[in-house]
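Take a look at the structure set out below.
Read-outs: derived from the displayed coordinates by stated rules, not from any lab. Note that the structure is a prediction, hence the values are computed from the model and not measured. Virtual Cβ from ideal backbone geometry, glycine too; neighbours counted across all protein chains shown.
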Amino acid sequence: MERIIALSMLSADFGNLNKDIEMVNQSEADWFHLDIMDGVFVPNISFGFPVVKAIFSKTNKPLDAHLMIIEPEKYLARFAEAGVQYLSFHYEATKDPQSVIDSIHECGMKAGMAIKPATDISVLEPFVKSLDYILVMSVEPGYSGQKFMPLALERAKAVKKMIESINPKCLLQMDGGISTLNVDDVEAAGVDVIVAASAVFNSSNPDATISTLKHKRSL
Ligand code: DX5
Ligand code: ZN
């Protein structure tokens, strides 16, 4: 399967968002990855519905929202209305993950579950059969531009095995510290969906960096 590039807008220029949306539209990126932070589940606050809607109105690419908020169940329908197609929430952020998954599906979206680096991967097992994707974090959620945690590769391999034995259609996503230097290792660990922010937006040629992330394969 061809890898999917989900471009995180967290490092975009919000004073000139149109330009960065257009850059992503013209690029080989597959999805927009929108990091939603509430200042409670993570120490940072990012952006909300008006920004999601604005991006939706300017692209034909799918929107993948990564909720880093407590009580995600309160806001699912509003993300669907804002144009989100792929919605992930954190296992650690809710008391009833299965009902969140079911509600995401009832709203017509694909459901993803994210886990922080310290969360045991075994918590995923009961939910794999009903998930469309699993997000294994390779940094502590909250900020772009952090250093990749190599332990995430072993975790991804183990999660991929779980996915293959329970629900092979479920995609595996990884997020945090991914660049052109480690993207092949990430894919080799079984990751289908690659998230990247700073590697692209801090590069001198974002469009070319996206192409490299999409195609690079070491021998
Ligand atoms: C971190 C976010 C990431 C972040 C990735 O909490 O979930 O999506 O934007 O940024 P980089 O690619 O710079 O690590
Ligand atoms: Zn993210």
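If you filter segment 1-94 for GluC sites (Glu not before Pro), then keep DSSP loop positions with at most 11 other Cβ within 10 Å, what is left?
Glu2
Springs between alpha-carbon atoms under 10 Å, Gaussian network over the chain: tell me which of Gln85, Gln26, Gln173 tops the mean-square fluctuations.
Its mean-square fluctuation being the largest, the pick is Gln26.
For segment 22-75 and segment 119-135, write down the distance between their C-alpha centroids in whole Å.
Comparing the Cα centres of segment 22-75 and segment 119-135, I get a distance of 22 Å.
Given R₀ = 30 Å, FRET efficiency for Asn167-Asp13 by Cβ-Cβ distance, to 0.05? Present the calculation step by step, with values, prior to reporting the outcome.
Numbers: r = 38 Å, r/R0 = 1.28.
So, using R0 = 30 Å, E works out to roughly 0.20.
Using modelled backbone amide H atoms (1.01 Å from N, in-plane), which distant-in-sequence or interchain residues come within less than 5 Å of Asp35's amide H?
Met9, Leu10, His66
Would you kindly state how much longer the chain becomes between Asp185 and Lys74 on full extension, computed as 0.36 nm times their sequence separation minus their alpha carbon distance, in nm to one decimal?
Between Asp185 and Lys74, full extension yields an extra 36.3 nm.
Per 0.36 nm of contour for each residue apart, how much would the distance between Ser122 and Ile45 grow if the chain were fully extended, relative to their Cα-Cα spacing?
Difference between extended and current length: 24.8 nm.
Explain nothing, just compute: Karplus ³J(HN,Hα) = 6.51 cos²θ - 1.76 cosθ + 1.60, θ = phi - 60°, for every residue of segment 151-162 in order, whole Hz, x for Gly and Pro.
4, 4, 5, 5, 5, 4, 4, 5, 5, 4, 4, 4
Would you please name the trypsin sites (Lys or Arg not before Pro) within segment 121-192 that are DSSP coil residues with at most 10 other C-beta atoms within 10 Å of their C-beta?
Of the trypsin sites (Lys or Arg not before Pro), the ones in loops of segment 121-192 whose Cβ has at most 10 other Cβ atoms within 10 Å are Lys147, Lys169.
For segment 1-106, which trypsin sites (Lys or Arg not before Pro) are in a loop by DSSP, counting at most 12 other Cβ atoms within 10 Å?
Counting only loop positions with at most 12 other Cβ atoms within 10 Å, the trypsin sites (Lys or Arg not before Pro) in segment 1-106 are Lys95.
Considering only Cα-Cα distances, which of the following residue pairs are longer than 21 Å: Lys61/Lys161; Lys129/Lys157; Lys74/Lys161; Lys19/Lys58; Lys58/Lys216; Lys61/Lys147?
Lys61/Lys161; Lys74/Lys161; Lys58/Lys216; Lys61/Lys147
Can you bin segment 4-215 into rounded, prolate or oblate? Criterion: square roots of the alpha carbon gyration tensor eigenvalues sorted a ≥ b ≥ c, rounded for a/c under 1.5, prolate for a/b above b/c, oblate for the rest.
Because a/c hits 1.5 or more and a/b fails to exceed b/c, segment 4-215 counts as oblate.
Would you grab the residues whose amide H sits under 5 Å from the one on Leu172? Only those 5+ places off in sequence or on another chain, please, with H modelled 1.01 Å from N.
The answer is Ile134, Asp192, Val193.
Multiply the residue gap between Lys129 and Lys157 by 0.36 nm, knock off their C-alpha separation, and tell me the result in nm, one decimal place. Could you put the intermediate results ahead of the total?
Working: separation 28, 0.36 × 28 = 10.08 nm, distance 1.76 nm.
Result for the pair: 8.3 nm of gain on full extension.
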